[in-house]
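Have a look at the structure below before the remarks.
The values are calculated or read from the model by the stated rules, or taken from the named source; none is laboratory data. Source: prediction; values computed, not measured. Cβ atoms come from the backbone with ideal geometry, glycine included; neighbour counts cover every protein chain shown.
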């Protein structure tokens, strides 16, 4: 049952995507601090800093947090996870196990259980039972 290995690789890939998104959001947050802000007339006092160079602060904060390195590391991790996921998908598609075949058709190809039953010469009930087993095993 190679579909379990694929599921684990997929979960790790999603986690790497979250880390990459987090690093990008951190950079975006710093970038938005450099953009000009609209004038707010509803506030009574306008404050400004005479020596506040916004770009210098941006570069300093970016270096302190090492955002470029974090983005590069997470991008590399994401690419590696994607390559690993593709390898596992190829293994899964080449598997002769009937559960793996049903998993590929159901989860990856998006076929309905009736279509799967016709293409694999199984009964619809058997396909539903196998999908139930897949769901149960995938949540472990």
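Quick look at the numbers
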{"quantity": "Test result for residue 67, within 20 Å of the chain's Cα centre (by Cα), at pLDDT below 90 and in the same structural domain as residue 6 (by TED's automatic domain parsing)", "calculated": "yes"}
{"quantity": "Filter pass, residue 107 being in contact with a helix residue (DSSP H, G or I) (Cβ under 9 Å, 6 or more places away or on another chain) and surrounded by fewer than 17 Cβ atoms within 10 Å (Cβ to Cβ)", "calculated": "no"}
{"quantity": "Scan of the stretch 92-134 for residues that are within 27 Å of the chain's Cα centre (by Cα) and part of a loop (DSSP other than H, G, I, E, B), ordered by number", "calculated": "95, 109, 110, 111, 112"}
{"quantity": "Residues of the stretch 110-126 satisfying the condition of being farther than 19 Å from residue 6 by Cβ, in contact (Cβ under 8 Å) with a residue 12 or more places away in the chain and buried (at least 17 other Cβ atoms within 10 Å of the Cβ)", "calculated": "113, 122"}
{"quantity": "Criterion violated by residue 27 - all others in (1) surrounded by 13 or more Cβ atoms within 10 Å (Cβ to Cβ); (2) at pLDDT below 80 satisfied", "calculated": "(2)"}
